[in-house]
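Structure record follows, encoded as structure tokens.
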Amino acid sequence: MNNLFTELENQNKQIPLAEILRPKTIEDFLGQSNVISEKSPILNLLKTNRLFSMIFWGTPGCGKTTLARLIATKTNANFIEISAVTSGVKDIKDAVERAKESLRAGQKTILFIDEIHRYSKTQQDALLPHLENGTLFLIGSTTENPSFQVVPALLSRVQVVRLNSIDDESMASIIKRGFQYLATHYSQMDCEAGVLDFIINLARGDARYALNIVENAYFASDLKDGKRILTVKIIEEICQQHNTRYSEQEHYDCASAFQKSLRGSDPDAAIYYLAKMLKAGEDPRFIARRLIVCAAEDVGMADPMAVQIAVNAYKAVELIGLPEGRIPLAQAVIYVARAKKSNEAACAIDEALSDIDSGKDFPPPMHLRDSHYKDAQKYGFGVGYVYTHNAPDVEQQFMPDELVGRKYTRG
């Protein structure tokens, strides 16, 4: 009975176009010329049938899984594929036993772990002895920066390989392959001008997403005189809204770019990163805090009003929330970006803190010390202090004796 259910399940499967067109050879693999090229180190290693453990880091749909499978094919290695979302230590142990069996038969094993960043420290540690003794080779894939998500002990045993988003030229070739497959296996099609560029723009380097658009738009399009008519309008209706890609790495990257654009007095770039963060669901209070920091650190004494405006934007966001809160945020962003810049305050406090850290931690002069208690004058505290409002022209020493003449400010 179970076999019958499995057979029926397989018959009812609809294999996605992206899976059907997954490259079968290294030569068909597009978009990663920085990693796979005629003289690339990885390809040279593969030609000598050498394997090493690695982690592929890249955006969704850039070819991480495909490249891992191609490497296994190229080296004739046993390929075990698991997902960190649905697997655990038991699955790793099972893979190790299968790898040992393959070794006895003279075959190497590649354990591919998709989304390896989702593994806990314990699960990642379970891999270490088997990589160390050569039982298997690991290829992990992640959309997150491994420096943040992978434990140092595992990072020291692998090479991190950065994969780029698929470039537009390669993406165009991949999309055309999709068109050709559908036209060959189903009906011919006519594409409206601009369809190719529109899909490329929507996909933003994600080949899987691009082929999903191609497939869905093709079968959703009108059939006229035996041909499918593929238009931009159909694609717009199917996609409706394109989700903003925003990983943990991009959270830090966008926040960094946002603050640097404010510092660099580019209000247009700052507004763009504000929009990107808001669209991705970033906490607007986090954005406002970054804005306050920039207003204090980078605008500073050149326009003290900037801090007040940034703080008010934070309060406004808390009061009215989104989407209306986007407007006071945008106002404050434009103001801070256009304001004159001075980092005098930030430099002054940092230099003073550095002096104290380096051992220049000195008490105030005797005449400045607190004298509001019995017997203070007996110790000399406060003796000789002149109340400035009564004698504004009298010069006094305010710095500790050891730092007389030290300047932190530029005034």
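Values as computed for the structure displayed
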{"quantity": "Residues of region 83-93 satisfying the condition of being open to solvent by 70 Å² or more (accessible area, probe 1.4 Å) and more than 23 Å from residue 67 (Cα to Cα)", "calculated": "90, 93"}
{"quantity": "Filter result for the condition that a residue is outside any loop (DSSP other than H, G, I, E, B), open to solvent by less than 40 Å² (accessible area, probe 1.4 Å) and in contact with an Asp or Glu (Cβ under 7 Å, 6 or more places away or on another chain), over 348, 330, 337, 352", "calculated": "337"}
{"quantity": "Any hit, region 171-192, residues being over 30 Å from residue 96 (Cβ atoms), assigned to a loop (DSSP other than H, G, I, E, B) and open to solvent by less than 50 Å² (accessible area, probe 1.4 Å)", "calculated": "yes"}
{"quantity": "Matching option when the condition is under 29 Å from the mean Cα position of the chain (by Cα), in a strand (DSSP E or B), surrounded by 15 or more Cβ atoms within 10 Å (Cβ to Cβ) and modelled with pLDDT of 90 or more, among 214, 160", "calculated": "160"}
{"quantity": "Inter-residue pairs, beta-carbon under 7 Å, first closer than 24 Å to residue 352 by Cα and of a type in the set (Val, Ile, Thr) and in region 386-405, second open to solvent by less than 90 Å² (accessible area, probe 1.4 Å) and in a loop (DSSP other than H, G, I, E, B), 6+ apart", "calculated": "404/397"}
{"quantity": "Conditions (1) open to solvent by less than 20 Å² (accessible area, probe 1.4 Å); (2) at pLDDT 90 or above: number failed by residue 69", "calculated": "(1)"}
{"quantity": "Pairs with Cβ under 8 Å, 6+ apart, first in region 345-356 and more than 21 Å from residue 294 (Cβ to Cβ), second of a type in the set (D, E, K, R) and open to solvent by 20 Å² or more (accessible area, probe 1.4 Å)", "calculated": "355/406"}
{"quantity": "Qualifying residue in region 64-78 (condition: touching a Gly at 6+ places or on another chain (Cβ under 8 Å) and at positive phi)", "calculated": "no"}
{"quantity": "Among the candidates 357, 401, 393, residue that is over 47 Å from the mean Cα position of the chain (by Cα) and loosely packed, with under 10 Cβ neighbours inside 10 Å", "calculated": "393"}
{"quantity": "Residues (open to solvent by less than 30 Å² (accessible area, probe 1.4 Å) and under 16 Å from residue 144 (Cα atoms)) located in region 106-132", "calculated": "113, 116, 117, 119, 124"}
{"quantity": "Test: residue 373 is out of contact with any helix residue (DSSP H, G or I) (no Cβ under 8 Å at 6 or more places or on another chain), without any contact (Cβ under 8 Å) to a residue 60 or more places away in the chain and among the aromatic types (Phe, Trp, Tyr)", "calculated": "yes"}
{"quantity": "Hits in region 372-390 (condition: at pLDDT below 85, open to solvent by less than 70 Å² (accessible area, probe 1.4 Å) and at negative phi)", "calculated": "376"}
{"quantity": "Options 249, 259: the member that is closer than 30 Å to residue 295 by Cα, polar (S, T, N, Q) and free of Cβ contacts under 8 Å to residues at least 40 places away in the same chain", "calculated": "259"}
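So that you can scan it fast, the table gives a plain yes or no per residue for (1) under 15 Å from the mean Cα position of the chain (by Cα); (2) within 30 Å of residue 51 (Cα to Cα):
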{"site": "152", "(1), (2)": "no, yes"}
{"site": "182", "(1), (2)": "no, no"}
{"site": "189", "(1), (2)": "no, no"}
{"site": "229", "(1), (2)": "no, no"}
{"site": "253", "(1), (2)": "yes, no"}
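The values are calculated or read from the model by the stated rules, or taken from the named source; none is laboratory data. Bear in mind the structure is a predicted one, so any value in this text is a computation, not a measurement. Heads up, the Cβs are rebuilt from the backbone with ideal geometry, glycines too, and the neighbour counts pull from every protein chain shown. Side chains are part of the model used for accessible areas, which takes the heavy atoms of the whole protein and leaves out ligands, DNA and RNA. Shrake-Rupley method; radii C 1.70, N 1.55, O 1.52, S 1.80 Å.
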